[in-house]
Amino acid sequence: MPHVLIACSASVAAIKIPAIISELTKKNIRTTLVVSEQSKHFIDIEKIKKDYQIDVFTDQDEWNTWNGRGDPVLHIELSKNADLLVLAPLSANTMAKINSGICDNLLTCIVRAWNVSKPVLFCPAMNTQMWNHPITKVQVDKLVSWGYCQIPPIVKTLMCGDHGVGAMAEVETIVTQILKELNLSNF
Ligand code: PCO
């Protein structure tokens with residue numbers, strides 16, 4: 001069974017995470033979720049665990065699972081065990097950190113340890129002004145140069161009321177791309 005690791009950072013688009021997991025579960029795809037501390041503001045991880053019976057990991061788990069030599073290192077185990085990494089939503093802040101190799105939480109340590117010969121999808125989500133800043137293209141291009149595949153943001157009325165590019169791609173688009181990466185058809 002293919003194993004998808006979803007890494008959720010703190011954009012309001014994190015509210016779409018249950019819908020993505022629901023679709024993948026329906027298709028019998030094993031899914032594991034990793035959340036950044038700030039993204040916990042937007043999602044109810046206990047409900048996700050209960051509703052979909054999946055593992056959800058937070059920064060605290062990194063420290064809880066390691067007590068001494070011989071214990072597994074969570075970010076290494078997670079990056080080894082999954083077939084596909086999906087950065088959804090990818091916030092402006094986490095995209096910037098990944099660009100420079102910063103690994104200061106479970107999510108960015110997984111990205112840093114991920115073997116780039118395995119696929120990575122990333123779904124940026126941010127305010128239109130942030131999206132339009134010239135640094136965004138530089139950072140997106142760098143991720144693409146490593147072989148990561150962008151699922152670009154779309155035009156919507158955003159949470160702050162602004163209208164423009166920056167909303168995370170539709171759940172259906174993301175799920176279709178995941179299936180494609182795993183060589184599964186969308187039926
Ligand atoms: C917040 N930023 C955003 C960008 C992400 N927004 C979105 C959509 C959602 C509703 O359809 C929230 C998923 O707007 O992806 O709103 C501050 S301006």
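Just so you know, all these numbers are worked out from the coordinates, no wet-lab data involved. Please read all numbers here as calculations on a predicted model, not as lab measurements. Note that we place each Cβ from the backbone using ideal geometry, even for glycine, and neighbour counts take in every protein chain shown.
If a/c stays under 1.5 just call it rounded; otherwise compare a/b with b/c (prolate if a/b is bigger, oblate if not). Do that for region 1-58, with a ≥ b ≥ c from the square roots of the Cα gyration tensor eigenvalues. Judged from the Cα gyration tensor, region 1-58 comes out prolate (a/c at least 1.5, a/b above b/c). Of all DSSP bridge pairs formed entirely within the chain, close to 20 percent run antiparallel. Fewest neighbouring Cβ atoms within 10 Å first, the residues His3, His163 line up as His163, His3. Between the Cα long axis of helix 134-145 and the first principal axis of the chain there is an angle of about 50°, rounded to the nearest 10. Here the 3J(HN,Hα) profile of region 80-95, calculated from phi with Karplus coefficients 6.51, -1.76 and 1.60 at θ = phi - 60°, is 6, 7, 9, 8, 9, 9, 10, 8, 8, x, 9, 6, 4, 5, 5, 4 Hz, Gly and Pro shown as x.
Helical content alone sets the calculated 222 nm signal of the chain at -11500 deg cm²/dmol, taking -39,500 (n - 2.57) per DSSP H segment of four or more residues and averaging over every residue. So which lysines pass the test for Lys47, namely a Cα distance under 29 Å, with those fewer than 8 places away in the same chain ruled out? Partners within reach: Lys16, Lys26, Lys27, Lys80, Lys97, Lys156, Lys180. Its residue count N sets the reference 2.2 N^0.38 Å, and the alpha-carbon radius of gyration of region 41-187 equals 1.12 times that reference.
Couplings 3J(HN,Hα) of region 153-160, computed from phi: x, 10, 7, 7, 7, 7, 4, 7 Hz, in residue order, whole Hz [Karplus 6.51 cos²θ - 1.76 cosθ + 1.60, θ = phi - 60°; x for Gly and Pro]. Cross-link partners for Lys118 among the aspartates and glutamates, with Cα-Cα distance under 19 Å and sequence neighbours closer than 8 places in the same chain left out: Glu77, Asp83, Asp141, Glu181. Note the angle between two axes, namely the Cα long axis of helix 17-26 and the longest principal axis of the Cα atoms of the chain, as a number of degrees from 0 to 90, rounded to the nearest 10. Rounded to the nearest ten degrees, it is 60.
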